[in-house]
Every structure is written in C-alpha cells, then in structure tokens.
1. Taking only region 17-28 into account, find how many residues are surrounded by 10 or more Cβ atoms within 10 Å (Cβ to Cβ) and either at pLDDT 70 or above or in contact with a helix residue (DSSP H, G or I) (Cβ under 8 Å, 6 or more places away or on another chain) (or both).
2. So, of the residues in region 87-116 that are among the β-branched types (Val, Ile, Thr) and more than 25 Å from Thr53 (Cβ to Cβ), which turns out to be least open to solvent (accessible area, probe 1.4 Å)?
3. Between residues in region 83-97 that are over 11 Å from Ile65 (Cβ atoms) and residues that are part of a strand (DSSP E or B) and open to solvent by 40 Å² or more (accessible area, probe 1.4 Å), which pairs lie under 9 Å by C-beta distance while being six or more apart or on different chains?
4. Would you call Leu54 aliphatic (A, V, I, L, M), surrounded by 10 or more Cβ atoms within 10 Å (Cβ to Cβ) and either in contact with a helix residue (DSSP H, G or I) (Cβ under 7 Å, 6 or more places away or on another chain) or in a helix (DSSP H, G or I) (or both)?
5. Given the residues Val68, Val59, Val32, which is the only one that is aliphatic (A, V, I, L, M) and closer than 30 Å to Asp107 by Cβ?
6. Which of the residues belonging to region 68-86 are in contact with a helix residue (DSSP H, G or I) (Cβ under 9 Å, 6 or more places away or on another chain) and either open to solvent by less than 70 Å² (accessible area, probe 1.4 Å) or under 16 Å from Gly98 (Cα atoms) (or both)?
7. Looking for something under 23 Å from the mean Cα position of the chain (by Cα) and at pLDDT below 85 - is there at least one such residue anywhere in region 46-67?
Amino acid sequence: PPDTMPFNPDKLQKFLKAKKGGESRTGGKGSVRRKRKAVRKNATHDDKRLKNTLNKLNVRDIPAIEEVNLFKDDGHVIHFSNPKVQASIAANTYVVSGNAETKKLQDLLPGIINQLGPDNLE
C-alpha cells in the first residue's frame, strides 16, 4: 500500500538506543524509585564528633595565646595567629584550631628567633 512510511534503518537504531537509555537521565519512566532520601554527611557532624571526643579527653581552653608556630623539618612553619588552644595535660594532647598559614622560616624572622632551639640557629 502506498500510505506506508518509508523505512530508515538508521532512524530505527537511534530510536532503540534512546529507548534503552543511551543518553543519561535522572527520573522519568523506567527508573528505580528511591525509597528514602539519601543522608548527606556534612562537616558540622564531624565537628560535633570531634568536640565529643575532646570532651572525653577533658581538654581545657588556654586563654591569651597570640600565636602558635609548628616547625617542620623542611624549613617551613605552620603559623597560627590568634588560635584557639586547648590542652589535656593528662592525655598529653594539645588542640590548636584556627586559620593556619604555611610560611617559610625566613619570612617570620626576626620575630621568631626566641622560639628557635639552639640546633636551628646555625
């Protein structure tokens, strides 16, 4: 009969590929229904866990500390200005929190000389 559509095999392949989900899609017909909303882990949860652990260690705030410098072997210094410092002497644990900057030792001289040990002054 003359009123039939012309057959195009390329068009058929494209249609079948799209039907299988060739292009990525989220939702719509044929996707698996999600039964519950996925729980996202966020940073505040980690902060709470850290706080609980520190409370178990019985840490106490140490007030009026202006700066903390952590010296690394490669000549760099991790520098905290006005950090929050907590300590648990019994657990031999110190907690330094705040904004840290990694600097070269030369950048902090000469104000840092009194913190250097005798082996670093060569």
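1. Number of matching residues: 2.
2. Initial filter on region 87-116 (among the β-branched types (Val, Ile, Thr)): 89, 93, 95-96, 102, 112-113.
The next check asks that each one be more than 25 Å from Thr53 (Cβ to Cβ); those that pass are 102, 112-113.
Numbers: Thr102: 91, Ile112: 4, Ile113: 86 Å².
This residue is Ile112.
3. Short answer, once both residue conditions are applied: Ser88/Arg60; Ser88/Tyr94; Ile89/Arg60; Val95/Lys84; Ser97/Lys84.
4. Here the answer is yes, as Leu54 does meet what is asked.
5. Val68
6. Asn69, Gly75, His76, Val77, His79, Gln86
7. So the first thing to find is which residues in region 46-67 are under 23 Å from the mean Cα position of the chain (by Cα), and the list is 46-55.
Filter once more, keeping what is at pLDDT below 85: 46-47.
Yes, region 46-67 contains at least one residue that is under 23 Å from the mean Cα position of the chain (by Cα) and at pLDDT below 85.
The values are calculated or read from the model by the stated rules, or taken from the named source; none is laboratory data. All values derive from a computational prediction rather than experimental measurement. Heads up, the Cβs are rebuilt from the backbone with ideal geometry, glycines too, and the neighbour counts pull from every protein chain shown. Just the protein is used for accessible areas: all its heavy atoms, side chains included, with ligands, DNA and RNA removed. Shrake-Rupley method; radii C 1.70, N 1.55, O 1.52, S 1.80 Å.
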